[in-house]
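A.B. asks: First, the structure itself, so that you have it in front of you.
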Amino acid sequence: MDKHAMDVNTVETLAGVVRLLRQAAVLAWAAADRAGAGSAGQLFALGVDLAADQARHLVPDGTSVDGPVPVGNEPADLLRSAELLLQRLAPIAASDAVNDLRAAVADLVWEANTGVGG
């Protein structure tokens, strides 16, 4: 996918994904801090952080991803919302990078829902 050829809706959707993943990472890191050093939650939080960075790199340079902070206090819910947004991009922006991000987020949703992530 050419980042410079994206339509506005795709860019806004990806920016929303970035915001969701960043907030999920904040919550995951807070839980990892409560669990203490060496917890499985630290790896989960790192995974969410990396997915947020991966999503940010899909957004064209110079595009602001700032916006309202997503509402929610469970990383799993925010991750699921990000996953749903990414599924909306499937026919539009099915680049390898988007598919890789979609797979990473799906794995994180599974981890969050099974308790593997902390």
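A.B. asks: Please state the charge dipole magnitude for the chain, taken about the Cα centre, from unit charges on C-beta atoms (+1 on K and R, -1 on D and E), reported in debye and rounded to the nearest 20. Could the numbers behind the result be given before it?
C.D. replies: Numbers: 8 positive and 15 negative charges, 36 e Å.
In total the dipole reaches around 180 debye.
A.B. asks: If you plug each phi of the stretch 11-16 into the Karplus form 6.51 cos²θ - 1.76 cosθ + 1.60 with θ = phi - 60°, what whole-Hz ³J(HN,Hα) values come out, in order, with x for Gly and Pro?
C.D. replies: Karplus values, whole Hz, x for Gly and Pro: 4, 5, 5, 5, 5, x.
A.B. asks: At 7 Å along Cα-to-Cβ for each site, give me the label-to-label distance between W110 and L84 in nm.
C.D. replies: Each label point lies 7 Å from its Cα, and together they span 2.1 nm.
A.B. asks: Which FRET efficiency, nearest 0.05, do D66 and L46 yield, Cβ-Cβ r, R0 22 Å? Walk me through the numbers before you get to the answer.
C.D. replies: Details: r = 23 Å, r/R0 = 1.06.
So, using R0 = 22 Å, E works out to roughly 0.40.
A.B. asks: Counting only helical runs of four or more DSSP H residues, what would the 222 nm mean residue ellipticity of the chain come to if each run contributes -39,500 (n - 2.57) and the total is spread over all its residues?
C.D. replies: Numbers: 4 runs with 78 residues, N = 118.
Counting only the DSSP helices, I get -22500 deg cm²/dmol.
A.B. asks: Within the stretch 14-117, what whole-number % of the accessible surface is contributed by carbon and sulfur, with the 1.4 Å probe and all protein chains included in the calculation? Write out the running numbers ahead of the final one.
C.D. replies: Working: 2880 of 5270 Å².
Carbon plus sulfur share of accessible area: 55 percent.
A.B. asks: Here is a further query. What length, rounded to one decimal in nm, is gained on full extension from H57 through to D33, with 0.36 nm per residue of separation minus their alpha-carbon distance? List each step's numbers first, then the result.
C.D. replies: Details: separation 24, 0.36 × 24 = 8.64 nm, distance 2.69 nm.
Net length gain for the segment: 6.0 nm.
A.B. asks: Along the Cα→Cβ direction, 7 angstrom out, place labels at N99 and E74. What is the inter-label distance in nm?
C.D. replies: 3.2
A.B. asks: If I compute log10 I(q)/I(0) by the Debye sum over Cα atoms at q = 0.10, 0.20, 0.22 Å⁻¹ from the structure I just sent, which labelled value in (1) -0.28, -0.91, -1.05; (2) -0.28, -1.00, -1.17; (3) -0.35, -1.17, -1.30 lines up?
C.D. replies: Given (1) -0.28, -0.91, -1.05; (2) -0.28, -1.00, -1.17; (3) -0.35, -1.17, -1.30, the calculated one carries the label (2).
The values are calculated or read from the model by the stated rules, or taken from the named source; none is laboratory data. From a predicted model like this one, the values you see are computed outputs, not experimental measurements. No Cβ is skipped: glycine too gets one built from the backbone with ideal geometry, and neighbour counts run over all protein chains shown. Note: areas computed on protein heavy atoms with side chains; ligands, DNA, RNA excluded. Shrake-Rupley method; radii C 1.70, N 1.55, O 1.52, S 1.80 Å.
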